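A short worksheet on the structure shown next.
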Amino acid sequence: MGPLLTADLSSLPTPLSQEAPEPAVPTQLAAPEIVIAEEMDPQLTTIQPGGGVVMSIELFWGKIRRMLLRAVRPGYVKRMLEARQGQQGTLPFDPVDSRDLKYYRNQPTYWWADGDDRFSWRDSLGFVRVGLAELILIGGMFLVLAAVLGWLWWPLAIPMWALAGLVAWFFRSPNREAPSDPNCVLSPADGKLVQIDRIEDPELGSCVQYGIFLSIFNVHANRASLAGRVVSVRYRPGKFLNALKPESARENENLDVVMKCSQPPQRYFRIRQITGQFARRIVCWVRTGDVLAHGEMFGMIKLGSRTELIVPDDPNLEIVAKIGDKLAAGTTILGKYQTRIGDDFVAEST
């Protein structure tokens, strides 16, 4: 298994946005010669490998909740036990309901069918479900401070109200609908496109790399750029440099997801979640073998960060985005894989 990409961005060739266009030539679909073995990083025992204070608080509350439910609601616990499917696997405790699996969704363990999950309504609240604890604890703290300061002198409450609103804005999850064309390469993150380069990926070969900077004002959910199956998920601890710095891609904590496209010729591509100076919590709930739809959400990075997309560079790739573009995950088109015939592009056959 090759290492994660650590190439020095300063030594990369001229950005694609500055290169002259290549002459149009007929091309044919070809099956990828690269084969990547499935790998789930053993470090990934939870969906949030970096841990965190809020995660620790929520896990502690989970222990208390399970104890209380077993003591005062044995009937509920019994019904949930009867509906539970799967085996415990690596889960370090015996869960009562789906809430207990929040941080263990990437593990082969128990699960509940959608019809038996009494808390699936939380997905429709308009916020990323894995950020609800931060929304309640951090946003609630600012609201309490606003109440206290407002009691002393109402103008003092305004900054606290603004911070509470900012927390809610950060964890929002707007509905997104992917384009109907399955060959469109979609942005994996909201933010600003700051890099389009040709690189040599140690596993994927000649590729185009897109770098996206996410400010604290952007939606921070990550989505699949193409439909496909998860082949490998790897985590690397690291630093927390400013995400605008190119070296952050090499030195910061990151999580790397490699997928194989569902569409012929089933190319491999890579999405890398990278922490920033303030965003220090990567969340990714997929595991090897999972199949993601075009534009489907699979994770998030909490409080400002960088996301990279690395796709195979071949004559069928038409790059449509440009440096400086504002992107929306799951809807903005970065490129298209199409068969080039003369001066025209024809969508690849499915």
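The values are calculated or read from the model by the stated rules, or taken from the named source; none is laboratory data. Just so it is clear, the model here is predicted, and its values are computed rather than measured. Quick reminder, even Gly has a Cβ in these numbers, built from the backbone with ideal geometry, and neighbours come from all protein chains shown.
Against the conditions (1) more than 18 Å from Asn218 (Cβ to Cβ); (2) buried (at least 19 other Cβ atoms within 10 Å of the Cβ); (3) touching an Asp or Glu at 6+ places or on another chain (Cβ under 8 Å); (4) not small (Gly, Ala, Ser), Thr332 satisfies every one except (1). Where residues in region 109-131 are of a type outside the set (D, E, K, R) and in contact with a Ser or Thr (Cβ under 7 Å, 6 or more places away or on another chain), which of them is nearest to Ala168 (Cα to Cα)? Among those that are of a type outside the set (D, E, K, R) and in contact with a Ser or Thr (Cβ under 7 Å, 6 or more places away or on another chain), it is Phe127. When Phe170 is tested against (1) buried (at least 22 other Cβ atoms within 10 Å of the Cβ); (2) more than 24 Å from Val291 (Cβ to Cβ); (3) modelled with pLDDT of 95 or more, exactly one condition is not met: (3). Can you spot a residue in region 142-150 that is within 18 Å of Thr332 (Cα to Cα), surrounded by fewer than 19 Cβ atoms within 10 Å (Cβ to Cβ) and not acidic (Asp, Glu)? Scanning region 142-150, I find no residue that is within 18 Å of Thr332 (Cα to Cα), surrounded by fewer than 19 Cβ atoms within 10 Å (Cβ to Cβ) and not acidic (Asp, Glu), so the answer is no. With respect to being closer than 28 Å to Glu134 by Cβ, touching a Phe, Trp or Tyr at 6+ places or on another chain (Cβ under 8 Å) and in contact (Cβ under 8 Å) with a residue 24 or more places away in the chain, Met40 falls outside the description.
Pairs linking a residue in region 143-158 that is assigned to a helix (DSSP H, G or I) to a residue that is of a type outside the set (A, V, I, L, M, F, W, C), with Cβ atoms under 6 Å and 6 or more positions apart or on different chains, are Ala157/Gly150.
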